[in-house]
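Have a look at the structure below before the remarks.
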Amino acid sequence: MGAYIVRRVLWAILLLLVVSFITFVIFDVFPSADPAAIRAGRNATPALVHQIRINLGLNKPFYTQFWIYLKGLVEHFNLGYSYYNSESVKSEIFSRLPATISLTIGGFIVWMLIGIPVGVVSAIRPRSIFDRVLMGGSLVAISAPVYFLGLVSLFLFAKGTGQLQWFGAAGSYVPISQNVGQWFNSLILPWVTLAAAFAAFYARMTRGNLIETMNEDYIRTARAKGLREAKVISKHGLRAALTPIVTMAGMDIGLLLGGAILTEIVFNVPGVGRYAYNAITNSDLPAIQGTVLFGAFFIVFANLVVDILYAFLDPRVTYG
Amino acid sequence: MPLLEIEDLHVSFKTIDGVVRAVEGVSLSLDARKTLGVVGESGSGKSVTAQTIIGLTRFPNATITGRVMFDGRDLVSMDADHLRAIRGARIAMIFQDPLSSLHPFFKVGHQIVEAIRTHEDVPRDIAKRRTIEALRSVGIPSPEERFDSYPHEMSGGMRQRAMIAMALALRPDILIADEPTTALDVTVQAQVLELIQALRDDFGTAVMLITHDLGVVAEMCDDVAVMYAGRVLEQAPREVLFDEPQHPYTWGLLQSIPRLDAPRTDRLSPIAGSPPSLINPPHGCKFNPRCPYTPPEALETEPPLAPAEPGHLVRCHLPVEERRRLWQSLRQEHPALR
């Protein structure tokens, strides 16, 4: 197990290196706005732009730039400085982290709290009216993109702009340390919007897995033992049906981060996602790099956790 | 009075292809300390009959009629809670494939403890001690260590022993064994059958043995019922069934057993054709499409299960004398049947 974790961590580091290299190459090869020109402002002289380009090191070949970046990263855990405003990318990301963590963890909880119970309820009475309504509704949720769902939810439920003035509107986010009630209220719509498609997809997956599991021989054995049906489902059925769901969820957390970018923009939440969006519009390579690495790190980390967790969930799995 | 009496049991399932009539008017009885063998091909309704006894076929699409009398009560009409108290505790069941029948994510010991604690309000440590005793009594070596094993860490024979330990941990009156040896190696098969026999003798448990293997029946059953298309075609004490079988289907089954002591020239004769559809069964006798002797009335009406002699029931239109004569001539032709 120890050797397995070490091996996985080494692979993760290599993967992150490759990811940041690819980001550099893409930025260099594909046309984008000139960061020096953006930095210099509207009425800048060519000399000023040139000076900025030299200051930012943009005149050097991209592999040299990459090497400098890598050195800073490895030696000082330094993610560089924004081309746009010279702020440290690391401190910019860290200062926005609480908002993004609030959004994604809350979104993940809503995702699981809706997805799994809905799937279970549907699976227990397959083809009932209940099942059909829930599965039909989930199809709608899967099909609706985050930005559409977000705007609709703002139109319907947001204070100020909505038909029903229930929850916090766009831009109402405050840190949890400041006001817990407002923090919670401002994130309800973003959480539900972010989680909707995932919850719907997982409801369908849970339903399918559980229906399949309930036909297994060991479920018949559990019934033959004389267990209550509720216990047959909740213990023997779910134990087997949810194990693959946990693995899937670990991999899909990456997608959740992607969804968080759109959600943060729609609801004007000051998080890493919106920072990434601004970085891309400003051709701000260090900021793009920082957010890409940040995202990649969390995906790799979540996958590692899930793979280790899997050995505890399924005793047949061993790591060699 | 028999321990368990099945009376005119009918089980059918609504499916998208039509109504599957899996069991049609089966009546069987099982006495204490006895072993009843139920023999038939796949789809003959033997497993459905067995599972219906303890209510495992109560699916939303199932229709079940008839009676299953146990301890003066009818299990078919019994409500789910009362039936659950009997299931596992007084009537236990083991299944064909012990790997898929044990939950892969739970330790074997835990699965047996769970069975005990479902029916008896005993502390965990006492249930554990009893589980270890049960594992020991079915011949699992070092049961203390095996308690913590997962099913995939055991061999097939070991798993089936663990299933038997689970079934017998609560000392049931009846053990229903649904093809308990089919998924096992031949050498292990014999061990498991011996184990079931020994437990029956030690604890007085009645056994209902579902199998397609007449060799297994010859080995350990007191009475035998031959099932086909959801019906009993012939029912008799074991010796009678093997010495003087009276149904052409039973003859076919006996002829299709490979025998090491048979002369090489005596070829195996499988029964021609395949089991009938349970959605659209043939008219008249359900065996008539495969029967070499079909009398004309068998195409029109289904024969009743009638006594040929006391204790020997046969569902066939052929006259008793004719059946005896046919069996004698078959024996002449095939020395292996003697």
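Values for this structure:
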read-out	value
Exclusive hit being away from chain B (no Cβ under 14 Å) and surrounded by fewer than 19 Cβ atoms within 10 Å (Cβ to Cβ), set A:Leu304, A:Leu309	A:Leu304
Scan of segment B:51-82 for residues that are within 13 Å of chain A (Cβ to nearest Cβ), closer than 25 Å to B:Asn280 by Cβ and outside any loop (DSSP other than H, G, I, E, B), ordered by number	B:Gln51, B:Thr52
Residue in segment B:206-226 that is nearest to B:Ser27 (Cα to Cα), counting only those that are in contact with a Lys or Arg (Cβ under 6 Å, 6 or more places away or on another chain) and buried (at least 24 other Cβ atoms within 10 Å of the Cβ)	B:Val224
Filter result for A:Lys235 (over 30 Å from B:Pro60 (Cα atoms), in contact with a Phe, Trp or Tyr (Cβ under 9 Å, 6 or more places away or on another chain) and not aliphatic (A, V, I, L, M))	no
Matching entry among A:Arg204, A:Arg239 (being part of a helix (DSSP H, G or I), basic (Lys, Arg) and away from chain B (no Cβ under 14 Å))	A:Arg204
Condition check for B:Ile86: closer than 18 Å to B:Thr15 by Cα and either in contact with a helix residue (DSSP H, G or I) (Cβ under 8 Å, 6 or more places away or on another chain) or at the interface with another protein chain (Cβ under 8 Å from one of its Cβ atoms) (or both)	no
Wholly within segment A:31-133, helices (runs of 4 or more DSSP H) carrying at least 2 residues that are exposed (fewer than 14 other Cβ atoms within 10 Å of the Cβ)	A:46-56, A:62-76, A:89-124
B:Ser47 being among the small types (Gly, Ala, Ser) and more than 14 Å from chain A (Cβ to nearest Cβ)	no
Close pairs (6 angstrom Cβ cut-off, 6 or more residues apart or separate chains): basic (Lys, Arg) in segment B:70-83, assigned to a loop (DSSP other than H, G, I, E, B) and surrounded by fewer than 20 Cβ atoms within 10 Å (Cβ to Cβ) anywhere	none
Hits in segment B:135-156 - residues which are of a type in the set (Ser, Thr, Tyr) and more than 11 Å from every other protein chain (Cβ to nearest Cβ)	B:Ser137, B:Ser142, B:Ser155
Test for A:Gln178: is it surrounded by fewer than 19 Cβ atoms within 10 Å (Cβ to Cβ) and part of a loop (DSSP other than H, G, I, E, B)	yes
Count - residues of segment B:157-183 that are more than 14 Å from every other protein chain (Cβ to nearest Cβ), touching a Leu at 6+ places or on another chain (Cβ under 7 Å) and more than 24 Å from B:Gly204 (Cβ to Cβ)	1
Matching residues in segment B:95-121 - criterion: being at the interface with chain A (Cβ under 7 Å from one of its Cβ atoms) and among the aliphatic types (A, V, I, L, M)	B:Leu102, B:Ala115
Hits in segment B:290-338 - residues which are in contact with a His (Cβ under 8 Å, 6 or more places away or on another chain) and of a type in the set (Gly, Ala, Ser)	B:Ala298
Condition check for B:Ser44: surrounded by fewer than 21 Cβ atoms within 10 Å (Cβ to Cβ) and either in contact (Cβ under 8 Å) with a residue 12 or more places away in the chain or touching a Phe, Trp or Tyr at 6+ places or on another chain (Cβ under 8 Å) (or both)	no
Subset of segment A:218-234 (residues that are within 11 Å of chain B (Cβ to nearest Cβ) and buried (at least 16 other Cβ atoms within 10 Å of the Cβ))	A:Tyr218, A:Ile219, A:Arg220, A:Thr221, A:Ala222, A:Arg223, A:Ala224, A:Lys225, A:Gly226, A:Leu227, A:Val232
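No value in this document is a laboratory result; all are computed from the given coordinates. Being a predicted model, the structure only gives us computed values, none of them experimental. No Cβ is skipped: glycine too gets one built from the backbone with ideal geometry, and neighbour counts run over all protein chains shown.
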